[in-house]
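Enquirer: Quick one: this structure, given as structure tokens, is what I'll be asking you about.
The values are calculated or read from the model by the stated rules, or taken from the named source; none is laboratory data. Being a predicted model, the structure only gives us computed values, none of them experimental. For neighbour counting, all protein chains shown are included, and Cβ atoms are generated from backbone atoms with ideal geometry for every residue, glycine included. With ligands, DNA and RNA removed, areas are computed over all heavy atoms of the protein, side chains included. Shrake-Rupley method; radii C 1.70, N 1.55, O 1.52, S 1.80 Å.
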Amino acid sequence: MNQLVDSFQRVHTNLRISVTDRCNIRCFYCMPAENVVFMQKSHLLTFEEIERTVRIAVSLGVNKIRLTGGEPLVRQDLHKLIGKLSHIEGIQDLGLTTNGILLAEQARQLHDAGLSRLNISLDALDPKLFREVTRRDGYENVIAGIEAAQQVGFERIKINAVSVRNLTESQIVPFGHFSRESNVEIRFIEFMPLDADNAWEREKVLFAHEIIKTLSEEIMPLIPTDEDSPESPATGFQFADGVGRIGFISSVSQPFCMSCNRFRLTADGKLRNCLFSLEEADIKSLLRGDGTDAEIRQAMLDSIAAKKEGHEINTARFIQPDRPMYSIGG
Ligand code: SAM
Ligand code: SF4
């Protein structure tokens, strides 16, 4: 079997698929506050087009799929796509990343359709701060979504919190207690330069080591776990008494590019070999223009083969991609 290998011998088995660029909130680190121009609906890949692309990716060794967006739960009938993908032989892990606003009403359908893993984004446990980050109300919906997801049987739910200096500090200890009380893992993700407002600066990133220090001093020491796979971007910890898990995605302070095995399909059918790519491969044109499976397979192989060594966030050479996070699919 051909594999998706790049020139640094990284084998790509993890595909993240954006199903829409639309969203029901407006996180400042991702979207502009106003006047967002969304993709035309006719440009979004259909469920059938996504399924075909996934089957081809699986034939090249992909075994892990995550649906994302924009907000994936605003895409109508998402559970039907999950039903299609969960039947594809070779997929070992089918996950979803959501802001949780619509989760309470969809959790049962998603679970029954075969979704295996759920990450829920929540940056603050204080409703006022939640509103400041998201420029919308909805904190209670997210909490209800987390509870509903646990009730219908999702296990090992992860909460993603973007770590931003002068914002996240007050939430560190509450999140530490939350992980201990509610049996969810909190994963702090360092703020990356993918915001639509282009306001990112390195000084605005609250680094993982600072959060580890606070949690260790204010709650109890954190002990590294070796549960995350070597390709996982997250470094996992648990509190010394074994209760409560905390993970860190230190994309800025400790880039993990050399073990990256991910690539992405945007909602409008472009393949990106890195979050920070400046180039894309146009899969939609092949899907809609009589491209054969062999041609799509070759486009994937070529895209991965061209992957650069890593992002250059920490250098003067860094160029922020034109697409912000909501349009790529985080
Ligand atoms: N709307 C869904 C959500 O928020 O979970 C899925 C899409 S969102 C783009 C995926 C993840 O990317 C979320 O956990 C979000 O917090 C994260 N994210 C968005 N912009 C980011 C940024 N500039 N830096 C770091 N993480 C970011
Ligand atoms: Fe929407 Fe997710 Fe972006 Fe927040 S991070 S604006 S929830 S797409």
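Enquirer: So with the 1.4 Å probe, I'd like the accessible area per residue for the chain, rounded to whole Å². Walk me through the intermediate numbers first.
Expert: Numbers: 14570 Å² over 330 residues.
Dividing the accessible area of the chain by its residue count gives 44 Å².
Enquirer: If you take all C-alpha pairs in the range 257-330, what percent of them are over 19 Å apart?
Expert: 37
Enquirer: Work out how much length Glu201 to Met258 would gain on full extension: take 0.36 nm times their residue separation and subtract the Cα-Cα distance, in nm to one decimal.
Expert: Values: separation 57, 0.36 × 57 = 20.52 nm, distance 2.35 nm.
Extending this stretch completely gives an extra 18.2 nm.
Enquirer: Add -39500 (n - 2.57) for each DSSP H run of 4 or more in the chain, then divide by its residues: what number comes out at 222 nm, to the nearest 500 deg cm²/dmol? Provide the component values of the computation, followed by the final result.
Expert: On the way: 10 runs with 100 residues, N = 330.
Rounded to the nearest 500, it is -9000 deg cm²/dmol.
Enquirer: Run the paramagnetic zone check for Asn24: 7 angstrom along Cα to Cβ, then residues of the range 121-142 with backbone nitrogen under 14 Å.
Expert: 121, 136-142
Enquirer: Pairs Lys41/Lys84; Lys158/Lys284; Lys128/Lys213; Lys41/Lys270: which exceed 23 Å Cα-Cα? Show your work: numbers first, answer last.
Expert: Numbers: Lys41/Lys84 21 Å; Lys158/Lys284 32 Å; Lys128/Lys213 26 Å; Lys41/Lys270 15 Å.
Violating the 23 Å limit, Cα to Cα: Lys158/Lys284; Lys128/Lys213.
Enquirer: Assigning unit charges at the beta carbon (Lys, Arg +1; Asp, Glu -1) and nothing else, what dipole magnitude in debye, to the nearest 20, does the range 14-328 show about its Cα centre?
Expert: For the range 14-328, the charge dipole is close to 480 debye.
Enquirer: Of the beta bridges DSSP finds with both residues in the chain, what % are antiparallel, to the nearest 5? Don't skip to the end; give the middle numbers.
Expert: Numbers: 14 of 44 bridges.
Close to 30 percent.
Enquirer: Post the alpha-carbon centroid distance, the range 52-128 to the range 184-239, in whole angstrom.
Expert: That distance is 23 Å.
Enquirer: Here is a follow-up. Rounding to the nearest 10 and keeping the result within 0 to 90°, find how far the Cα-based axis of helix 293-305 lies from the longest principal axis of the chain.
Expert: 50
Enquirer: Where does the range 41-194 land on Rg(C-alpha)/(2.2 N^0.38 Å)?
Expert: 1.10
Enquirer: Could you give the dipole magnitude of the range 11-167 about its Cα centre, charging the beta-carbon of Lys and Arg +1 and that of Asp and Glu -1, in debye to the nearest 20?
Expert: 300
Enquirer: Right, something else. From the convex hull of the Cα coordinates of the range 12-59, what is the mean projected area in square nanometres?
Expert: 4.7
Enquirer: Can you list, largest first and rounded to whole Å, the semi-axes you get for the range 14-328 by taking the square root of 5 times each eigenvalue of its Cα gyration tensor?
Expert: Largest first, the range 14-328 gives 30, 22, 20 Å.
Enquirer: Please compute one quarter of the surface area of the Cα convex hull for the range 138-258 and express it in square nanometres.
Expert: Details: hull surface 34.0 nm².
In nm², the orientation-averaged hull projection of the range 138-258 is 8.5.
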